[in-house]
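Take a look at this one; I'll ask things after.
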Amino acid sequence: MSLTRHPLLALAAATITLLALVVFASPSDTYAGTFAPALTVCLDDATTADPNPSADGDPEECDGDNTPEVSSTFASSFGIGEEDTNFAAVVAYIPPDWGVVKGDSIPIGTDVGYLDANATLGLINSACNQVLPVHFEFKNSSLDTTDTVSFDDEDENGTNDFADKDDEDNYLSVTKYPEFLNRLFEDVSVPPIRRSSGVAIVAAIPVLLQFLIFPPGTEINEDLPSDEDLGYPSVTVLQNAGDPGIVPEPGPITDFCAPLVTSNVTLGTAEDGTTLFVNPQNGVHTFTTVSFGQRDADNDGFENSLDTCPFDVNEGNPKETLNGDLDNDGLDAACDPNDDAATGGTDSDDDADNYPNRQDNCPLEPNGPDETNQKDTDTDQIGDVCDPDPDVEDGELSFSRLEAEVTIGDGTGTGGQPSDTACPDCYPYVPGEKVEPPDDGDGGSNTGVIIGVAAAVIAAVVVLGGGAALMMRRRNSAS
């Protein structure tokens with residue numbers, strides 16, 4: 001599997017020192033594109049609402065209880081700036097000493113957190129400059145891989161099956177296991193120990209966002225670290241991105257881009273008193289986030305997913321209306337065969353394949369539903385029909401590694417997991433013990449692709465078991 005694809009919304013609000021940032025980027029002469037995400041993590045008291053999560057300095061932020069072996073809420077933030085490329089993949093690791101309560105010990109439907117974000121989107125072939133607030137509320141969700149629900153609208157009632165509700169007003173994505181996850185994670189040797197999910201309506205579309213936590217040492221993807229001392233890998237899945245059986249279709253969200261501002265709260269204790277996370281022993285504990293920026297084939301500072309001329313340096317900025325696109329058809333003048341509105345250069349679907357130019361991964365060559373339907377073998381967000389070598393990714397992945405330290409107690413101890421008395425339902429992680437799949441036959445070979453990995457268009461950020469993501473753009477077909 002190869003890392004790729006594009007991400008989206010992310011996580012929450014707080015302050016913490018950022019360490020070990022590593023960034024590679026290839027700016028062009030016309031636009032200084034970079035990939036320099038920022039992360040904050042801290043403990044927070046969820047009952048004292050921060051009036052402005054995106055700004056530092058409020059007394060209500062980072063006011064959580066850092067006493068060893070008590071339940072504390074996480075507050076986190078993840079963001080990228082105006083001139084950054086968007087994410088290809090992000091995965092975060094909860095320190096191995098943390099007490100992570102197993103999902104099957106938490107009642108299904110329990111409120112476990114929430115996320116607010118300002119996503120920068122392009123809607124209906126317009127420039128990617130429309131800021132849309134998005135809110136997700138997350139519920140503890142079923143881990144039963146045999147009791148599934150389809151992502152698609154198989155009952156033909158006008159709503160995707162995952163967004164249908166049961167008699168108790170729960171989304172089926174909460175009470176059942178989205179069946180595409182069994183395909184998505186088939187290469188991961190163990191199932192998740194926790195899953196939370198939320199549904200938000202964005203541009204009249206139900207959007208499913210899920211967070212899955214795996215045991216320390218689980219290899220999610222060969223390109224990601226799987227050292228058990230990093231802790232629990234937390235993975236975000238947006239919609240059904242990455243599903244080998246995905247069938248792309250045109251939609252109103254035609255772009256997702258930077259900047260991105262998010263705030264996420266992952267509860268330590270549910271409103272009904274259910275324990276969700278438990279602080280470790282006295283010490284300093286490190287949260288690690290590894291992320292990749294999207295590919296940019298022509299090094300002009302605009303990622304392939306946003307660049308309608310991926311092999312020609314843009315004349316303008318696709319985040320600004322009419323900038324380098326005088327006929328406002330969604331194609332930059334660098335490759336637009338006719339950029340003159342007076343002579344008919346305003347066709348928003350230049351190749352007439354039912355995908356608007358800004359949503360089409362080959363805007364000048366037909367590859368719509370009746371042809372290859374956006375097939376992208378190398379998952380570089382350039383469709384096969386216009387990719388000179390569809391088996392080799394065009395553009396490099398930018399890389400960033402961020403570490404944030406959280407102090408428990410006075411920070412002078414050596415750490416360690418909470419005791420069985422403090423957290424009887426926590427995952428029984430034993431350092432040095434190899435992660436093995438269960439042998440009880442209950443759907444243990446849950447399989448996987450991480451956010452933005454392999455054949456996926458995923459938008460996401462994962463931190464502390466809660467993350468964020470939103471919107472898919474040029475999705476690729478597995479056919």
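Applying the selection to segment 273-304, what residues are aromatic (Phe, Trp, Tyr) and open to solvent by 10 Å² or more (accessible area, probe 1.4 Å)?
Initially, segment 273-304 is screened for residues aromatic (Phe, Trp, Tyr), giving 277, 287, 292, 302.
Answer for segment 273-304, where residues must be aromatic (Phe, Trp, Tyr) and open to solvent by 10 Å² or more (accessible area, probe 1.4 Å): just Phe292.
Can you name the number of the only condition in (1) open to solvent by 10 Å² or more (accessible area, probe 1.4 Å); (2) closer than 19 Å to Leu209 by Cβ that Asn157 fails?
Going through (1) open to solvent by 10 Å² or more (accessible area, probe 1.4 Å); (2) closer than 19 Å to Leu209 by Cβ one by one, Asn157 breaks only (2).
Being open to solvent by 10 Å² or more (accessible area, probe 1.4 Å) and in contact (Cβ under 8 Å) with a residue 24 or more places away in the chain is the requirement here; does Glu249 meet it? Break it down stepwise before answering.
Numbers: open to solvent by 10 Å² or more (accessible area, probe 1.4 Å): yes; in contact (Cβ under 8 Å) with a residue 24 or more places away in the chain: yes.
Against the criterion (open to solvent by 10 Å² or more (accessible area, probe 1.4 Å) and in contact (Cβ under 8 Å) with a residue 24 or more places away in the chain), Glu249 qualifies.
Based on this model, can you work out whether Ser189 counts as touching a residue at least 60 places away in the same chain (Cβ under 8 Å), among the polar types (S, T, N, Q) and open to solvent by 50 Å² or more (accessible area, probe 1.4 Å)?
yes
Then there is this: Does Leu115 satisfy the criteria of being in a loop (DSSP other than H, G, I, E, B) and either touching a residue at least 24 places away in the same chain (Cβ under 8 Å) or within 17 Å of Asp166 (Cα to Cα) (or both)?
Values: in a loop (DSSP other than H, G, I, E, B): no; either touching a residue at least 24 places away in the same chain (Cβ under 8 Å) or within 17 Å of Asp166 (Cα to Cα) (or both): yes.
Criteria not met by Leu115.
Can you name every residue in segment 252-272 that is modelled with pLDDT of 95 or more and open to solvent by 50 Å² or more (accessible area, probe 1.4 Å)? Step through it out loud before you land on a result.
At the first step, the residues of segment 252-272 found to be modelled with pLDDT of 95 or more are 267-270.
If the condition is that a residue be modelled with pLDDT of 95 or more and open to solvent by 50 Å² or more (accessible area, probe 1.4 Å), then Thr269 is the only one that fits.
Starting from residues that are open to solvent by 20 Å² or more (accessible area, probe 1.4 Å) and assigned to a strand (DSSP E or B), keep the ones in segment 200-228 and report whichever is farthest from Pro107 (Cα to Cα).
Ile205
Counting only residues that are farther than 18 Å from Cys386 by Cα, open to solvent by 30 Å² or more (accessible area, probe 1.4 Å), assigned to a loop (DSSP other than H, G, I, E, B) and not charged (D, E, K, R), how many does segment 312-347 have? Walk me through how you get there before you give the answer.
Pass one, segment 312-347, residues farther than 18 Å from Cys386 by Cα: 315-329, 338-347.
This time we only want the ones that are open to solvent by 30 Å² or more (accessible area, probe 1.4 Å), so: 315, 320-323, 326, 328, 338-344, 346-347.
Filter once more, so that each one left must be assigned to a loop (DSSP other than H, G, I, E, B): 315, 320-323, 326, 328, 338-340, 344, 346-347.
Imposing the further condition that a residue be not charged (D, E, K, R) reduces the set to 321-323, 326, 328, 338, 344, 346.
Adding up the residues that qualify gives 8.
Can you tell me which residue within segment 166-193, out of those that are hydrophobic (A, V, I, L, M, F, W, C) and in contact with a Leu (Cβ under 9 Å, 6 or more places away or on another chain), is nearest to Gly99 (Cα to Cα)? First the steps, then the outcome.
Quick first cut of segment 166-193, residues hydrophobic (A, V, I, L, M, F, W, C) only: 172, 174, 180-181, 184-185, 188, 190, 193.
Filter again for in contact with a Leu (Cβ under 9 Å, 6 or more places away or on another chain), leaving 181, 185, 193.
Details: Leu181: 25, Phe185: 24, Ile193: 12 Å.
For segment 166-193, the residue satisfying everything is Ile193.
Related question: Can you tell me how many residues in segment 136-151 are more than 14 Å from Gly109 (Cα to Cα) and either open to solvent by 80 Å² or more (accessible area, probe 1.4 Å) or free of Cβ contacts under 8 Å to residues at least 12 places away in the same chain (or both)?
Total meeting the criteria: 1.
I'd like the full set of residues that are of a type outside the set (Val, Ile, Thr), over 30 Å from Thr85 (Cβ atoms) and in a strand (DSSP E or B), limited to segment 259-279.
At the first step, the residues of segment 259-279 found to be of a type outside the set (Val, Ile, Thr) are 259-260, 263-264, 267-268, 270-273, 276-277, 279.
Subsequent filtering for residues that are over 30 Å from Thr85 (Cβ atoms) retains 267-268, 270-273, 276-277, 279.
Listed by number, the list holds a single entry, Phe277.
Mind checking whether some residue in segment 307-320 is touching a Pro at 6+ places or on another chain (Cβ under 9 Å), touching a residue at least 12 places away in the same chain (Cβ under 8 Å) and among the basic types (Lys, Arg)?
Taking segment 307-320 first, the residues touching a Pro at 6+ places or on another chain (Cβ under 9 Å) are 307-309, 311.
Filter once more, keeping what is touching a residue at least 12 places away in the same chain (Cβ under 8 Å): 307-309, 311.
With the extra rule that they be among the basic types (Lys, Arg), the set shrinks to none.
There is no residue in segment 307-320 that is touching a Pro at 6+ places or on another chain (Cβ under 9 Å), touching a residue at least 12 places away in the same chain (Cβ under 8 Å) and among the basic types (Lys, Arg).
State whether the residues of segment 167-185 include one that is assigned to a loop (DSSP other than H, G, I, E, B), among the hydrophobic types (A, V, I, L, M, F, W, C) and surrounded by 24 or more Cβ atoms within 10 Å (Cβ to Cβ).
To start, the set of residues in segment 167-185 that are assigned to a loop (DSSP other than H, G, I, E, B) comprises 167-170, 176, 179, 185.
Narrowing the set further to residues that are among the hydrophobic types (A, V, I, L, M, F, W, C) leaves 185.
Then drop every residue that is not surrounded by 24 or more Cβ atoms within 10 Å (Cβ to Cβ), which leaves 185.
Yes, the conditions are met somewhere in segment 167-185.
The values are calculated or read from the model by the stated rules, or taken from the named source; none is laboratory data. Computed from a predicted structure; not experimentally measured. Using ideal geometry, Cβ is built from the backbone for each residue, glycine included, and neighbour counts are taken over all protein chains shown. Ligands, DNA and RNA are stripped out before the accessible areas are found, and what is left, the full protein with its side chains, is counted by its heavy atoms. Shrake-Rupley method; radii C 1.70, N 1.55, O 1.52, S 1.80 Å.
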